[in-house]
Amino acid sequence: ADCVRLTDLSFGSDVVCEKDAFLNAGTLGAGVSVVYLDMVSEVNRPFWGTENVRSVDLGKVTSIGDMAFYGSEGVEFTIPSTVTYFGDLAMYGCTGLEELVLGKDLTHIGVDAFKGCLVLTDVTFLAERCDDLIGGVFGDTGADMSFTIGAPCSYIPSYLFEGADMDSLTVADTVTSIGKHAFLNFSGPEVILPQGLEDIGD
């Protein structure tokens, strides 16, 4: 805490950080550049209470825990497509996240994981199946979002677009099923569903 000259921080293991470990750390104005090395697979809540993080490169991380980067306003994120698990509120309010690729091995996105990410404008969803999503994943994001569902995705998970407002949504021809409430309170202007669609949930 209060390490006010800290400018660079690297994590080389799946270290568990208590929520105030880096409280108020980081150079004012310049901020801290954070890098997760390739051997790190899991991130919990390392910067709770820290406002001086400039950028975060998540390397080859596969799991981002609950509230890991909650309220990380203005932080530039590099999130790899290797992430398979996003916890509840994992990226909530991260106003520096502009692009996101959700890879084919994705298994879980928690409640409000990307809610309030106002400049998130380009999302690609490639998960083969992700049944256990909870509502509001992309709620309160930027209205000019472009969302692409691509191969091998064959299923639009339940609640995926609940409360979302986006300019464009492209659905791959590989999609054959839509989960329940997938478009609940969806505010986008247009959705074109693929010809091979077989099932639409409640």
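If I filter segment 7-31 down to residues being at pLDDT 90 or above and either of a type in the set (A, V, I, L, M) or crowded, with 18+ Cβ neighbours inside 10 Å (or both), which single residue comes out as nearest to Ser63 (Cα to Cα)?
Per the stated criteria, the residue is Phe11.
If we keep just the residues of segment 164-174 that are buried (at least 18 other Cβ atoms within 10 Å of the Cβ) and over 17 Å from Val101 (Cβ atoms), which is nearest to the chain's Cα centre (by Cα)?
Ala164
Among the residues that make up segment 34-43, is at least one of them assigned to a strand (DSSP E or B), open to solvent by 80 Å² or more (accessible area, probe 1.4 Å), modelled with pLDDT of 90 or more and on the phi < 0 side of the Ramachandran plot?
Yes; the residues of segment 34-43 include at least one that is assigned to a strand (DSSP E or B), open to solvent by 80 Å² or more (accessible area, probe 1.4 Å), modelled with pLDDT of 90 or more and on the phi < 0 side of the Ramachandran plot.
Restricting the search to segment 65-81, which residues are among the aromatic types (Phe, Trp, Tyr), assigned to a loop (DSSP other than H, G, I, E, B) and open to solvent by less than 30 Å² (accessible area, probe 1.4 Å)?
Phe69
Return yes when Ile192 is modelled with pLDDT of 90 or more, out of contact with any Phe, Trp or Tyr (no Cβ under 7 Å at 6 or more places or on another chain) and more than 25 Å from Val61 (Cβ to Cβ) and no when it is not.
no
Please work out which residue is modelled with the highest pLDDT, limiting yourself to segment 93-139 and to residues that are open to solvent by 20 Å² or more (accessible area, probe 1.4 Å) and closer than 17 Å to Gly65 by Cα.
Asp105
If you check Thr62, Thr84, Thr50, which single one turns out to be of a type outside the set (Gly, Ala, Ser), at pLDDT below 85 and open to solvent by less than 70 Å² (accessible area, probe 1.4 Å)?
Thr50
Identify all residues within segment 75-98 that are more than 13 Å from Val43 (Cα to Cα) and in contact with a strand residue (DSSP E or B) (Cβ under 6 Å, 6 or more places away or on another chain); write none if there are none.
Within segment 75-98, Val75, Glu76, Phe77, Thr78, Ser81, Gly96, Leu97 meet the criteria.
What single numbered condition from (1) among the small types (Gly, Ala, Ser); (2) in contact with a strand residue (DSSP E or B) (Cβ under 7 Å, 6 or more places away or on another chain); (3) surrounded by 15 or more Cβ atoms within 10 Å (Cβ to Cβ) fails to hold for Gly142?
Unmet for Gly142, out of (1) among the small types (Gly, Ala, Ser); (2) in contact with a strand residue (DSSP E or B) (Cβ under 7 Å, 6 or more places away or on another chain); (3) surrounded by 15 or more Cβ atoms within 10 Å (Cβ to Cβ): (2).
The values are calculated or read from the model by the stated rules, or taken from the named source; none is laboratory data. Computed from a predicted model, the values in this text were never measured in an experiment. So basically every Cβ, Gly included, is an ideal-geometry build from the backbone, and we count neighbours across all protein chains shown. To get the accessible areas, we keep the full protein, side chains included, count just its heavy atoms, and leave off ligands, DNA and RNA. Shrake-Rupley method; radii C 1.70, N 1.55, O 1.52, S 1.80 Å.
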